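Student: Structure below; questions to follow.
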Amino acid sequence: MTRGWLAAVGLALAAALAPAAAQPVITPHVTAELVAERSAVQPGQPIRIGLRLQHQPHWHTYWRNPGDSGLPTTLSWTLPAGSQIDEIVWPVPRRLWIGPLVNYGFEGELLLPQVYLPAADARGGSTLKLQAVASWLVCKEVCIPETVTLQLQLPVVSAAGGVTPGGTEHAALFERAAATQPVPLDGWTVDVQHAGRDLLVSWARSGAAVTAPAPLVHLFPYAEQLIETAVHDAYRTDSGYAIRLRLLEGVTPPDALRGIAVAQGDAGVANGAWGGTQRAVEFSAAVRAVPKIEMPAGAQPLRDAEASAALAAAADAGTVPPGAGADLGWAAALLLAFAGGMVLNLMPCVFPVLSIKLLSLSQTPRGAGRPGVALRTHALAYTAGVLLSFVALAAGLLALRAAGSAIGWGFQLQEPAVVSVLALLFLAIGLNLLGVFEVSLLLPQRLVAWRDERPAVDALASGVLAVVAASPCTAPFMGAALGFAITQPAVVGLSVFAVLGLGMALPYVLLVLMPGWRARLPRPGAWMVRLRQLLALPMLLTVAWLLWVLAQQTGWIGDRAADTARTTAASHSDASVWQPYDEAVIASELAAGRRVFVDFTAAWCVSCQVNERLVLNTDATQQAFQRANVMLMRADWTRRDARITTALARLGRNGVPVYALLRAGREPLLLSEILTAGAVRDALAAP
């Protein structure tokens, strides 16, 4: 008996003097080691061990489903005879925004625990030597595959003496990992609707409603290459939560959707998001096909703060122009909006109304009284028309986005009814300029007299029309300001749009208030009639353009025919060069190390068409793309497309044109809205 007791004490001392040991391996990006929760093992008794990774700041590795790109971390074990080890118990990942891609992974300190079962006949006093070959892909601005060989030594303590191995310095790490593991969903029902490529996952709490405030919920599916990870619209409902997803192009919906759902932030735990203190739950639900997806009662959008944080990080990295993210700052946003509004006057979008503005400037404003007063009234009325129109459009945009619509700047031109009305309006203006009819002869004389007594009405209408024509497109500086505005409270956002309108109105107002140049014009006469007829041409060309846009939106002509028609005049046909926007293809190309150039465009964006005609589809630019082995992709926003709206938001943009060069492991490089061949060549030459 004495000898048995002494043996047990000796073994305990041996375990204390030689506890579970491992030698860390340090790479430039990760410190890796194998760790154990206890200082020794007992024969046949399970113990938790795991791979501990400490990432350098801003570097990350990937979850079991890496998302759009990346590779999961793997461990290949060499174990002592008779022992075995379970699969990795994956912790909860984060959504990592990499340009237009969303990956699932980890930063900071990470533990990948596994349950190890030593052989039942492991000899007390011996040491078990475990070896693992660990492989991972670690990414920041570049992605680097790394493989290391790690070892872990575990002393064996016999259970006969009643000695229980103590905890190691890593025991608390294992406890924290266990506390945050997803748990089976209990007390909830899960419903997955499928219509076309859309999925709606709804969680309903049995017998109780979700308490306010409801935290944002993220869904992480187990299956790889199943959904477009960027499409992730979360809602709070009367009975729980809902998330709208989209299947990848060509993917058959699964019979069942499996994954985890994670309540974000401390509020997710404090409010008992899932009915307890856990923030992550594991679920599995059958996918049912429906004719049309129906949202649960009381669905209200939940804001994704991680998207805003991703835009801010891109701005900090310097690859997105300053101001692209939500952290731009109000003063800087106002300055950029003012500059963007002034530049907007030079964009092709405004060409359709130049005829009206030029004709108006060539004439002295009508009305009695001093000429200076009439000019100031004209200038103020035009400015009021521009400002009111910008604010009205912005208010509609912000209200629709708050209601859950995935829309952006120029959203009104995505509606065929609006395009039809504008086509009729510009046709009427063109015919009026040609002298086919006079507005004053068609209107009641009382209304004509009222209009003559209030010359500012024409100036205000001219300002409204200028905004209607200009609003579909984005000018330099303007894109960053709009990206800021839509992430702010309504008052701040509307102020940015108002200053944008002020910038657009200012050049015209200055011309009106400095009429000295009028003295150089010929005296009124027949030349003014000929000028009216000449300026009718851009109006009629605008009508033809709007009819072409309407044809694409209503399906009068096919997409390929429309795309070919867009560049018929270009010397290089792009029908087979530009690929339709597909985030899965982007992920595949980037993973292969190839760059992707994305043209965010729309048929109703005149600036987009001019840039394509004069720059993108020329032989010289196409040859530059070919030499650089860059894939060309066109994101056509002519019709509403939530994928493209989301992709623009991740780039800090809310309108078109946008030109983005995507590079593996790096932030997107954005080009100016006024595109030049030299700018494209410089971007392709950038490291």
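The values are calculated or read from the model by the stated rules, or taken from the named source; none is laboratory data. Predicted model, so just to flag it, every value in this text is computed and none were measured. Methodologically, a virtual Cβ is constructed for each residue, glycine included, from the backbone with ideal geometry; neighbour enumeration extends over all protein chains shown. Accessible surface is based on the protein model in full, side chains and every heavy atom, while ligands, DNA and RNA are left aside. Shrake-Rupley method; radii C 1.70, N 1.55, O 1.52, S 1.80 Å.
Student: Does Arg64 satisfy the condition of being open to solvent by 20 Å² or more (accessible area, probe 1.4 Å), within 22 Å of Arg279 (Cβ to Cβ) and in a strand (DSSP E or B)?
Tutor: yes
Student: Let me ask something else about it. May I ask you to list the residues in the range 38-79 that are of a type in the set (Ser, Thr, Tyr) and in contact with a helix residue (DSSP H, G or I) (Cβ under 8 Å, 6 or more places away or on another chain)?
Tutor: Ser39, Ser69
Student: Quick check on the range 270-309: of everything there that is of a type in the set (Lys, Arg) and modelled with pLDDT of 90 or more, which residue is surrounded by the fewest Cβ atoms within 10 Å (Cβ to Cβ)?
Tutor: The qualifying residue surrounded by the fewest Cβ atoms within 10 Å (Cβ to Cβ) is Lys292.
Student: Moving on. Taking helices (runs of 4 or more DSSP H) that fall entirely within the range 576-687, which contain at least 3 residues that are closer than 28 Å to Lys140 by Cα?
Tutor: Result: 583-591, 619-627, 642-650, 677-685.
Student: On the basis of being within 20 Å of Leu346 (Cβ to Cβ) and among the β-branched types (Val, Ile, Thr), does Ile644 make the cut?
Tutor: No, not satisfied.
Student: Then there's this: Which residues, taken from the range 237-251, are within 15 Å of Val190 (Cβ to Cβ) and under 22 Å from the mean Cα position of the chain (by Cα)? Can you show your working first?
Tutor: We begin by selecting, within the range 237-251, every residue within 15 Å of Val190 (Cβ to Cβ); these are 237, 239-245.
Listed by number, the residues that qualify are Tyr241, Ala242, Ile243, Arg244, Leu245.
Student: Shifting gears a bit: Which ones in the range 152-186 are outside any strand (DSSP E or B), farther than 27 Å from Ala261 by Cα, open to solvent by 40 Å² or more (accessible area, probe 1.4 Å) and at pLDDT 90 or above?
Tutor: Hit for the range 152-186 is Glu169, nothing else.
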